[in-house]
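K.L.:
Following this message is one structure expressed as structure tokens.
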Amino acid sequence: MPSASVSRTAVVVAAASLFALTGCSADSGDDPFSGLVPAPARFELTDRGDFTLGERTRLVVSGDGAAAVAETFAAPLRAATGYDLPVEEAEPEASPDGDIELVIDPAVEGDEAYVLESGHGGVRIAAGEPAGLFWGTQSLRQMLPGAIEESGAGEPEGGWRVPAASIVDQPRFAYRASLVDVARHFSPVDYIEKHLDRMALMKLNVLHLHLTDDQGWRIRIDSWPELTGIGASTSVGGDGGGFYTKDDYRRIVDYAAERFITVVPEIDLPGHTNAALSAYPELNCDGVAPPPYEGIEVGFSSLCADPARAEVTDRFLADVLGEVAEMTPGPWIHVGGDEPLATRPDDYLDLTRRITAAAAATDKTVIAYHEMGASNELPPGTVGHYWDLTAAHEMPANRRDEPARPYPESAGQAHSFLEQGGRLVLAPADRTYLDMMYPDRPAGPLGTELGTRWADTITLEEAYAWRPEETVGGLDESDILGVVASVWTETLSNPPDFEFMVFPRIAAIAEVAWSPADARDEEDFRSRLPTLGAHLDGLGVAYRKVGGVDWAE
Ligand code: TNX
């Protein structure tokens, strides 16, 4: 193993050589390596010669947590190559050449930072924490040929080659989320696991599950069983119901945790609650349960703020949020709060206080959409989730007759979270909503028109050009906990349609989330996408082969 040429005493995020790779391609099999997505803070190809993963390669680990990372990394590699790839504990110095070393090394500072050195003699990834080590393995995963994603792939022409490189890397933001709306159309656990694999490839580390909405309640609550009875019986267009049992949810949480991904459960309150209201008449002010809803309107349902319903509503909030928190190991719980169009403003403030208090009573940190910033009684540290348009937004041509955006009100509500000691996660709909159409409005893989345009259409380049710090004005980098790429599923009812809208635009947001701000370069990003595409091909993802990218054959 060649000695590391990168200092391991500290990981310095320096952008200087981020794009050193442009135009380079190492011959690593069927698909030449075109670069990593998201771009590392520092990446250099070196002249130490390609590493070849072979029958005798071992994963040599040292330090707490390294073996578990190695096993997660090795499982798909074994399936693709047929090699044993044994995981063995050893002092790093003692390991012979030809291995992949995964080393916990406190000298590498930063919760998610890692350094990676590859060359003819082997690969060494070092990190201070297991999370960093895992992200290092995901870089190595992308440096292997895309066939590594396919079970039983067999050896590609040229072997399982990894280009010689030096990487020093850590993320820009701590919270890098993919939001999946499983309420409008349900996704079974197996598909969520696939999505988690794809998230890991792009170093996204938060799965935000939008578990409840007007059309469906998708998580079992033992104390309110009809939520997943009547409440889970259908979906948009009557495309069938579904929900996660507690065991299903724990499977998702565990699978995510193995990939250093945290699940954030969202229970959308007090609006977007028709499914709950349809299951329990006593939650309705008039005591009458509405029928299940299969349309795509928003803003017509609300929990009841009437004092006569206070006992049952507060019991509902405490029970639901308590059970959800109890099965969620991560630090956050999301209580929604968006589009309260069916809730009178003073009722909304009252319900917001009660909802966020019930959520805080679970000892989780509360996250809420920006509308809840209207309240000045938020629990300390509540995180605001901004979803309105960016400050830079120009109204799309089809909506010029509407009032100018962004809503000053939404921006003010976002700032209210900062004033109350919280931070923001940013998800402006005109940049990060992956259910927004592409401007050329192509039919999806199954021939249907996909997505909506209420916020705008979004190209890959527009998603990539987004600058989070400019989203609502007046933000410091430290105000931003992270960013969210959201996929709402009113028009997306199956994996190919979902994937066509999500990929590759989610990769643009992943790079916004991970890579240094001053190093982003659209041309360079497009030049690196073919390698990601080869991996998505290996995973069977039906991504859109957008123009301007030299996608792998
Ligand atoms: C707005 S953004 C919504 C969702 C819709 C989405 C469709 C937000 C928090 N609410 O209920 O699904 O637009 O793009």
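Values quoted throughout were computed directly from the atomic coordinates according to the rules given, and no laboratory measurement underlies them. Fair warning: this is a prediction, and the values are worked out from it, not measured in the lab. Counting neighbours? That spans all protein chains shown, and the Cβs are built from the backbone with ideal geometry, glycine included.
K.L.:
Calculate the spin-label point distance for D47 paired with E226, positioning each point 7 Å from the Cα along the beta-carbon direction, and give it in nanometres.
P.N.:
Using points 7 Å along Cα→Cβ, the separation is 7.6 nm.
K.L.:
Next question. Between T245 and V312, with labels modelled 7 Å along Cα→Cβ, what's the label distance in nm to one decimal, could you check?
P.N.:
If labels sit at T245 and V312, their model points lie 3.0 nm apart.
K.L.:
Further question on the same structure: Roughly what % of DSSP beta bridges within the chain run antiparallel, to the nearest 5?
P.N.:
Bridges in the chain are about 30 percent antiparallel.
K.L.:
Under a cut-off of 18 Å between alpha-carbon atoms, report the lysines in cross-link reach of K203, not counting same-chain residues fewer than 8 places apart.
P.N.:
K194
K.L.:
Write down, largest first, the equivalent ellipsoid semi-axes of segment 82-172 in whole Å, where each equals the square root of 5 times an eigenvalue of the alpha-carbon gyration tensor.
P.N.:
Values for segment 82-172, descending: 23, 16, 12 Å.
K.L.:
Can you work out the FRET efficiency for the pair D197 and E553, with r the C-beta to C-beta distance and R0 = 35 Å, to the nearest 0.05?
P.N.:
Computed FRET efficiency for D197 and E553 comes out at 0.90.
K.L.:
Could you give the distance between the Cα centres of segment 270-319 and segment 334-356, to the whole Å?
P.N.:
12 Å
K.L.:
Follow-up question, since we're still on this one. Packing-wise, with mean Cβ within 10 Å as the measure, how do 275-281, 445-451, 114-120, 240-246 rank, highest first?
P.N.:
My ranking of the peptides, most packed first, is 114-120, 275-281, 240-246, 445-451.
K.L.:
Relative contact order, percent, of segment 258-379 when contacts are C-alpha pairs under 8 Å separated by at least 6 residues?
P.N.:
Relative contact order, segment 258-379: 30 percent.
K.L.:
A further question follows. How high is the relative contact order of segment 193-302? Use alpha-carbon pairs under 8 Å, at least six apart in sequence, and give a whole percent.
P.N.:
34 percent
K.L.:
Identify the residues of segment 278-313 with backbone N under 20 Å of a label point that sits 7 angstrom from the Cα of R344 along the Cα-to-Cβ direction, or state none.
P.N.:
Correct set: 283-288, 299-313.
K.L.:
Find the percent of Cα-Cα distances in segment 419-553 that exceed 21 Å, and round it to a whole number.
P.N.:
Tail of P(r) above 21 Å: 43 percent of Cα pairs.
K.L.:
Still on this structure, I have one more. Separation of segment 128-198 and segment 429-480 by C-alpha centroid, Å?
P.N.:
Here the answer is 23 Å between Cα centres.
K.L.:
While we're here: Calculate, for D190 and L446, the FRET efficiency according to 1/(1 + (r/R0)^6) with r their C-beta to C-beta distance and R0 25 Å; round to the nearest 0.05.
P.N.:
Efficiency for this residue pair is about 0.80.
K.L.:
Something else: Eigenvalues of the Cα gyration tensor times 5, then square-rooted: what semi-axes does that give for the chain, in whole angstrom, largest first?
P.N.:
41, 24, 23
K.L.:
How much net charge surrounds R353 when only the other residues with a Cβ under 13 Å from the Cβ of R353 are counted, with Lys and Arg +1 and Asp and Glu -1?
P.N.:
So the surrounding residues net to -4.
K.L.:
Over segment 438-537, calculate the relative contact order: mean separation of alpha carbon pairs under 8 Å at least 6 apart, over the residue count, as a percent.
P.N.:
34 percent
K.L.:
Now for a separate question. Excluding residues on the same chain fewer than 8 positions from K364, give the lysines whose Cα lies under 19 Å from its Cα.
P.N.:
Reachable lysines: K246.
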